[in-house]
Amino acid sequence: MMEVEETGETRTSWSVAPGETHFDHAGKKRKQDPAPEPVIRIIEDEEEEEEGEMMSDHMKDSEEPSNKRVKPVAKSNSLTGVITPMKTPALKRIGQSISRSISFRTEARPLPPAPLRSRTKASSFPRRRNSQCWSDTVESHDLTAKEIKRQEVIYELTQGERQLIDDLSLVKKVYYEPMLKLDIMTESELGQIFGTLDSLIPLHQDLLSRLERLRGSEKTVGEVGPTLINWFPCLEAYVTYCCNQVGAKALLDQKKHEKRVEHFLRLCQESSFSRKLDLWNFLDLPRSRLVKYPLLLKEIQKCTPPDHPDEDSLPDALELIQSIVAEVNKKTGEAECQFYRRGLTYLEDSQRLPEIQQSRFLYCHGELKNNKGQRLHVFLFELALVLTRPNEDRDGGQVFQVYRQPLPNASIYLEEIPDGEAGGGGTFRGAFTGGNDKVKNCFRVSSRGRSKAHPYSLQANDSFSKQQWITCLRQAIVQSRDRTAQTSQSQLSPHPDPALYHIAELSLSSDTEMADHTSR
């Protein structure tokens, strides 16, 4: 098994950014890449050939000697003389880009390090979303400010559906189908990564058509509540899709280590249609859309006057969508818990605590350092805290080797270590600070009444992450102790507290995501 890297700065498994793979703009690393696959130019070739035909006659004329004197603008007798000095450099750049593109295709060289070139033909997939508001679609109206706000939110709901449909269709067309056709991944692997995404497109097309039918001749929407109440039950299909995402993300991360996969995904991300998003950003769009429905409904409800027909139906619609989101979160949390439980490997049988197997969801998980400077992946399950060291199995998949003795949440003693304290001696200070005197973002967990469980001093990546760990640990400890007290009187409840369902998703991914979860 591969040993965990024990030096360098703390790296957390939950900090996956949109641009996950970085390349030097100077092009040093790109020159070492193997010859690209034919798919690399599938999307680009047609446009480049058109550009080549349009610009080839101009290239020869536009390349002026560097020492040629240019006539002052004031003395020029023709309009061409005025604009040519400004246009020539642009033509040169386009010509150079086309020349590089042609040589790239014919000589099978790596993609040149130059930034994406401008095109005379507009891309089918713009980098930026259209920020048009409802007010921009109507010439005049006699609505109050509150009614205008209501129409704006309903229009945002409609446009959001349209954009999601476009993105999901794009994913199928430019990711799934080319990778299947060119055998970059097997059909089975693609099926696991993309899951039931294809089946979600018709659902949102249905809602979009319903919302568009609600718009009157003046482009205003009257009653929207009954339509949403009738459509929201379709979102139960998200249970299957979201539950599959945990394994899908793990497999996608594993496949990115293969050169053909990494090269294809990188080129897609650099293309104009991606808006600089990677494949996982697109695959996670449905989940992001799901949790936005309650927020949009609350905004519509705020802008709905008391005598409006929607006054009675919107609360019912909001209650319905909140219950669906809670159910999806609950099932996703259970699937996530099972996935990571299966990925645990044990060195000793004593590490197999029954609390681990009895846990049905995760409070949070992420990377922390111990007092020796080793990077650990820590899981806070419903009933146990498990410290692990990530490794790979024979197939290249990620597994987590249990490190030391797991701690039952009911017996955990949590101690926050203030910044600046040595906390655990010289080794602790040296490992966490690189020889400096100050220790930051640390806390300690220990177990009461267990001789084999030593105290663990752990360091988070930053103060925000530390606070989130402490918050989750306190919740887990209180909840576990309450359960332990209840078992003395009755059998353990078969279902966790519904109020904690939302915690099942927590993976300490980012400040934005944590704020998202805590606000639900």
> Within segment 391-412, how many residues are open to solvent by 30 Å² or more (accessible area, probe 1.4 Å) and part of a strand (DSSP E or B)?
Replying inline: 2
> Looking at (1) modelled with pLDDT of 80 or more; (2) surrounded by fewer than 21 Cβ atoms within 10 Å (Cβ to Cβ); (3) farther than 28 Å from residue 348 by Cα; (4) not basic (Lys, Arg), which is the only condition residue 436 fails?
Replying inline: (1)
>> Tell me yes or no: at least one residue of segment 240-252 is farther than 24 Å from residue 325 by Cα, surrounded by fewer than 18 Cβ atoms within 10 Å (Cβ to Cβ) and either modelled with pLDDT under 90 or over 16 Å from the mean Cα position of the chain (by Cα) (or both).
In response: no
> Restricting the first residue to segment 307-325 and requiring it to be farther than 17 Å from residue 221 by Cβ and not assigned by the TED database to the domain that holds residue 294, which pairs with a second residue that is in a loop (DSSP other than H, G, I, E, B) and at pLDDT 90 or above meet a Cβ separation below 7 Å and a spacing of at least six or different chains?
Replying inline: none
>> Would you confirm, using the coordinates I've provided, whether residue 361 is aromatic (Phe, Trp, Tyr), modelled with pLDDT of 95 or more and surrounded by 21 or more Cβ atoms within 10 Å (Cβ to Cβ)?
In response: no
> Taking segment 222-239, which residues are in contact (Cβ under 8 Å) with a residue 60 or more places away in the chain and open to solvent by less than 10 Å² (accessible area, probe 1.4 Å)?
Replying inline: 224, 225, 228, 232, 235, 238
>> Quick check on segment 177-199. Is at least one of its residues touching a strand residue (DSSP E or B) at 6+ places or on another chain (Cβ under 9 Å) and either in a helix (DSSP H, G or I) or over 20 Å from residue 235 (Cα atoms) (or both)?
In response: no
> Which residue, of 196, 186, is surrounded by fewer than 19 Cβ atoms within 10 Å (Cβ to Cβ) and more than 30 Å from residue 364 (Cβ to Cβ)?
Replying inline: 186
> Here are 319, 212: which of them is modelled with pLDDT under 95, acidic (Asp, Glu) and open to solvent by 50 Å² or more (accessible area, probe 1.4 Å)?
Replying inline: 212
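The values are calculated or read from the model by the stated rules, or taken from the named source; none is laboratory data. Being a predicted model, the structure only gives us computed values, none of them experimental. Methodologically, a virtual Cβ is constructed for each residue, glycine included, from the backbone with ideal geometry; neighbour enumeration extends over all protein chains shown. Accessible surface areas use protein heavy atoms only, side chains included; no ligands, DNA or RNA. Shrake-Rupley method; radii C 1.70, N 1.55, O 1.52, S 1.80 Å.
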